[in-house]
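> Take a look at the following structure, please.
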Amino acid sequence: METKKAALLSVSDKTGITEIAKYLADNSYTLLATGKTAQLLREKGLEITEVADYTGSAEFLGGRVKTLHPSVFGGILYKRADENDRKQIAERSIYSIDVMCVNLYPFQNVAEKADATEEDLIENIDIGGVSLLRAAAKNHKDVVILSDPSDYPAFMEKDKEGTADLKFRRELAVKAFNTTAQYDSLITERLSREFNLGNNYLNLNLKKESDLRYGENPHQKAALYGDFYKYFEKIIGKELSYNNILDIVAATEITAEFDKPAAVIIKHNNPSGAALGADISLAYDKALKCDPVSAFGGIVCFNRSITAELAHKLNDIFLEVVIAPGFDEGVIEILSSKKQRRVLRQARNYEGAFTLRSIPGGVLVQDKDSGAPDPDNLRNATGIDYDTLTHKDLMFAWKIVKHVKSNAIVLVKDNATIGIGAGQVSRIDSVKIAINKARGFGFDVAGACSASDAFFPFPDNIEELAAAGVTAVIQPGGSVNDEAVIRRAKELGISMVFTGIRHFKH
């Protein structure tokens, strides 16, 4: 008995499904389809056999059960080269399902909704679709599994040419297995949060977005995985580099700290200048003034739309990447005059749940550093009063120092950095660098505020800051030498605020 060949179509993402269904029908495939897929294809004039009619088993349990049937899975899993398998399929009048177009319920889309309920999540967990993908991928020598609509054109072209060979089928099978692995990872992670459960497994099944030209250095290979471009839209310029992406993340994490117009310039993953302003153009002026030398070739980010006035200023120096949530009329044309520049629109803010660092044999995982002191519970350790403007500068400095590599010291005046000391093995070195930077670019340090990402281990840091004219300091506290540091600060007339929160950034 001859076994009829069929294609099974059951998709949530209906991109391209009509085109490939017509191609399959034109090439003598019986089209089996479910629910809304069948309805759509009938409306397009195609002859469709509903899976329920084919199996003789109507969908039930609200559609939860429709493809889980021996007539479906037998037609997928039987080995075409096995005489006994072929005989069993023929005896049962089962179609040979040689091509499958299947994708899954959009669990991720539902999981990302702030108002998604537990019931919403559960009902969008696909069972039959995952089973179909795994079955077809397992028997990929005999079945072409199309889990991604972007693969439809390649399949049709190869099928016409007779080149849909084993190598191609293997690629499609691995993609299908990756699809189900990522799907299960998403479900596990989201339901662990929904049910307030710990998760003893770290699931990182991320799709490659693109290969990068190289990593941190030209001899290192690199690639981008995941959904980075869900958050950023590249408007102008060539592809982003590995280092660009790291700096973009650093920049946008800083501007996200502020409600007022904010600008930050990033160089080598550290801010070279950051400021708030009455408007976004003034904020940029203040940020640039902090270190106009390091700003050359840097990345600049704003939390407001870029105006034409600001765009002209940005063209005065070479800035490799410009990031903003929007652009006023004519701004893109102005920024386009610099040919080597990339311009990105930040499409949405993001709050990473955790950070990862690779180590031999595994990864380190930690919560994102979102700690912020309660302004009402700050401890004025020296008891020396300070005014409202000083308080605002201290709070600004504390938000910036969190994003500077340890050991970190930030000097601030008028909600703008005037000196930054970053990444030194000794805190006193960071203090000296911040002071020298400020003086080198013409700032008067007298009356400035300072932030330290961790406690001062000895009074020498305070003495250095006081000698430069700093009048107020914010730091975590917690050193065994706190009393000695506090005592020396009192003697020098410095207000010193303890936050109780450390911000190491290694």
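Bear in mind these aren't lab numbers, they're just calculated from the coordinates by the rules spelled out. Since the structure is predicted, the reported quantities are computational estimates derived from the model, not experimental observations. Using ideal geometry, Cβ is built from the backbone for each residue, glycine included, and neighbour counts are taken over all protein chains shown.
> Using amide H atoms built in the peptide plane, which far-off residues or other-chain residues are under 5 Å from I306 H to H?
Close amide H contacts, sequence-distant or interchain: G326, F327, D328.
> OK, next. Taking a temperature of 25 °C and a viscosity of 0.890 mPa s, what whole-number D in µm²/s does Stokes-Einstein yield for the stretch 380-506 with Rh from Kirkwood over alpha carbon pairs?
In µm²/s, the coefficient rounds to 178.
> Inverting the mean 1/r over all pairs of different Cα atoms, compute the Kirkwood radius of the stretch 163-316 and quote it in Å.
18.8
> Have a look at S358, P459, V480 and report the one farthest towards the positive end of the charge dipole of the chain, computed about the Cα centre with Cβ charges (Lys/Arg +1, Asp/Glu -1).
S358
> To test your reading of the geometry: what angle, between 0 and 90 degrees and rounded to tens, separates the Cα axis of helix 482-491 from the longest principal axis of the chain?
So the helix axis and the longest Cα principal axis differ by about 40 degrees.
> Another question, then. Just to confirm the number: angle between the C-alpha axis of helix 166-194 and the first principal axis of the chain, 0 to 90 degrees, nearest 10?
Long axis of 166-194 versus the principal axis of the chain: about 50 degrees.
> Continuing with this model, one more query. Amide H neighbours of R379 under 5 Å, counting only residues 5+ apart in sequence or on other chains, H built in-plane at 1.01 Å?
F498
> Within the stretch 230-346, what percent of beta bridges assigned by DSSP are antiparallel, to the nearest 5?
Once the DSSP bridges in the stretch 230-346 are tallied, antiparallel ones form about 60 percent.
> Determine ³J(HN,Hα), in whole Hz, for all residues of the stretch 44-56 in sequence, where each value follows from phi through the Karplus function 6.51 cos²θ - 1.76 cosθ + 1.60 and θ = phi - 60°; x replaces Gly and Pro.
Computed from phi, the couplings for the stretch 44-56 are 8, x, 8, 8, 10, 9, 5, 4, 4, 5, 5, 7, x Hz.
> What's the local net charge at G74, with K and R +1, D and E -1, over the other residues with C-beta under 10 Å away?
Taking every Cβ under 10 Å from that of G74, the sum is 0.
> Moving on to the next point. Could you tell me which GluC sites (Glu not before Pro) in the stretch 190-276 are loop residues by DSSP with no more than 13 other beta carbons within 10 angstrom of their beta carbon?
E216, E239
> Let me ask you something else. Taking θ = phi - 60°, what integer Hz values does the Karplus form 6.51 cos²θ - 1.76 cosθ + 1.60 yield along the stretch 247-254, in sequence order, with x for Gly and Pro?
5, 4, 4, 4, 5, 6, 5, 6
> Moving to a separate point now. In degrees from 0 to 90, rounded to the nearest 10, what is the angle of the helix 388-401 Cα long axis to the longest principal axis of the chain?
For helix 388-401, the angle is close to 50 degrees.
> To continue, here is another question. For A347 paired with E43, estimate the spin-label separation in nm (one decimal), with each label point 7 Å from Cα along the Cα-to-Cβ line.
Going from the A347 label point to the E43 one covers 2.6 nm.
> Hey, could you pull the Cα Rg and Dmax for the stretch 5-194, both in Å?
When restricted to the Cα atoms of the stretch 5-194, Rg and Dmax are 16.7, 54 Å.
> Here's something else I'd like to know. Between the stretch 180-258 and the stretch 294-344, what is the separation of their alpha carbon centroids in Å?
Centre-to-centre distance over Cα atoms comes out at 24 Å.
> As a quick test, which of the pairs K289/K432; K22/K138; K289/K402; K392/K490; K5/K141; K368/K432 have an alpha carbon distance above 24 angstrom in this structure?
K22/K138; K368/K432
> The stretch 349-433: which trypsin sites (Lys or Arg not before Pro) are DSSP loop and have at most 11 other beta-carbon atoms within 10 angstrom?
Here the trypsin sites (Lys or Arg not before Pro) that fit, given the DSSP loop and packing criteria, are K368.
> While we're on this one: Return the percentage of antiparallel bridges among DSSP beta bridges fully within the chain, rounded to the nearest 5 %. Intermediate values should be presented prior to the final figure.
Numbers: 37 of 68 bridges.
Within the chain, antiparallel bridges account for around 55 percent of the total.
> Just to check, using Stokes-Einstein with a Kirkwood Rh over alpha carbon pairs, what's the diffusion coefficient of the stretch 197-288 at 4 °C and 1.567 mPa s in µm²/s? Present the calculation step by step, with values, prior to reporting the outcome.
Working: Rh = 15.5 Å.
Estimated diffusion coefficient is 84 µm²/s.
> With charges set only on the Cβ (+1 for Lys and Arg, -1 for Asp and Glu), what does the dipole of the chain come to about its Cα centre, in debye to the nearest 20? Present the calculation step by step, with values, prior to reporting the outcome.
Details: 62 positive and 69 negative charges, 238 e Å.
Here the size comes out at about 1140 debye.
> Also: Do any GluC sites (Glu not before Pro) in the stretch 268-335 lie in a DSSP loop with no more than 10 other beta carbon atoms within 10 Å, and if so, which?
E329
> 5 Å is the cut-off here: which amide hydrogens, built 1.01 Å from N in the peptide plane, fall below it relative to E209, excluding neighbours closer than 5 in sequence?
L224, Y225, G226
> Of the listed values [x] 23, 55, 21, 1; [y] 19, 38, 27, 14, 2, 0; [z] 20, 47, 26, 7, 0, grab the one calculated as P(r) over Cα pairs in 20 Å bins from 0, in percent from the structure here.
It is the value labelled [y].
> Taking R0 as 22 Å, what FRET efficiency do you get between K368 and V480 from their Cβ-Cβ distance, rounded to the nearest 0.05?
Taking R0 as 22 Å, the efficiency between K368 and V480 is 0.15.
> Apply the Karplus parameterisation 6.51 cos²θ - 1.76 cosθ + 1.60, with θ equal to phi minus 60°, to every residue of the stretch 64-70 and state each ³J(HN,Hα) to the nearest whole Hz, in sequence, with x for glycine and proline.
5, 10, 8, 9, 6, 8, x
> Could you tell me what percent of the DSSP beta bridges with both partners in the stretch 5-194 are antiparallel, to the nearest 5?
So the antiparallel bridges amount to about 5 percent of the total.
> Mind jotting down the three principal axis lengths of the stretch 230-346 based on Cα atoms? Whole angstrom, largest first.
For the stretch 230-346, the Cα extents along the three principal axes come out at 30, 30, 29 Å.
> Over the chain, what is the relative contact order in percent, taking alpha-carbon pairs closer than 8 angstrom and at least six residues apart? List each step's numbers first, then the result.
Working: 955 pairs, mean separation 42.5, N = 506.
The value is 8 percent.
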